[in-house]
Amino acid sequence: MDYAGLAARIAALTEGESDTIALMATVACEVHHSDDRFDWTGFYRVTEPGLMKIGPYQGGHGCLIIPFGKGVCGAAARTGETQLVPDVEAFEGHIACASSTRSELVLPVRNCSGAVIAVLDIDSDQPAAFTEEDARYLAAILHSVFARRAEVANGGAAAAGLP
């Protein structure tokens, strides 16, 4: 997987954009089409405390609503930690939005304040499709798009906790 190329494409395509939904749509599209392992790629947005709703995605239909207490996406949102699941059948409370899903990688998406604003959910129809390397590189891309970009746009004030 050419993560350097993916990061460069996403950076070029999102240059100057600040709308979160537009950024999510672009990232979902680029990530989804970057690797044949990725069967469903999309965002679940935090819309109220403890609840996410589907955002931009690529692939078949996804679940519309996911509470923080349910499934792999809920675990990532609740804990703020990446969830790398080689076998979704072994994950207690897994939500089967698509019966073809065998493995899953879910990464929290944070804004410049560090708050989880969404999760990026990547499903594969292959068992054990994802690696720690995938998680690291994708987390770095998400940070550059959703957290670092906001820090730069605010002249670094957001990172320093200034208004």
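Here are a few things to note about the model shown:
- Residues (at pLDDT below 90 and surrounded by 14 or more Cβ atoms within 10 Å (Cβ to Cβ)) located in the stretch 111-152: 148, 149, 150, 151
- Taking the stretch 1-27 as the range and being within 25 Å of residue 79 (Cβ to Cβ) and without any contact (Cβ under 8 Å) to a residue 60 or more places away in the chain as the test, only 21 passes.
- Residue ID - surrounded by the most Cβ atoms within 10 Å (Cβ to Cβ), chosen from residues in the stretch 16-30 that are over 20 Å from residue 137 (Cβ atoms) and among the charged types (D, E, K, R): 17
- Number of positions in the stretch 53-77 that are in contact with a Cys (Cβ under 6 Å, 6 or more places away or on another chain), without any contact (Cβ under 8 Å) to a residue 40 or more places away in the chain and assigned to a loop (DSSP other than H, G, I, E, B): 1
The values are calculated or read from the model by the stated rules, or taken from the named source; none is laboratory data. Remember, predicted model here, so these are calculated numbers, not experimental data. Here Cβ is always computed from backbone atoms with ideal geometry, including for glycine, and neighbour counts include all displayed protein chains.
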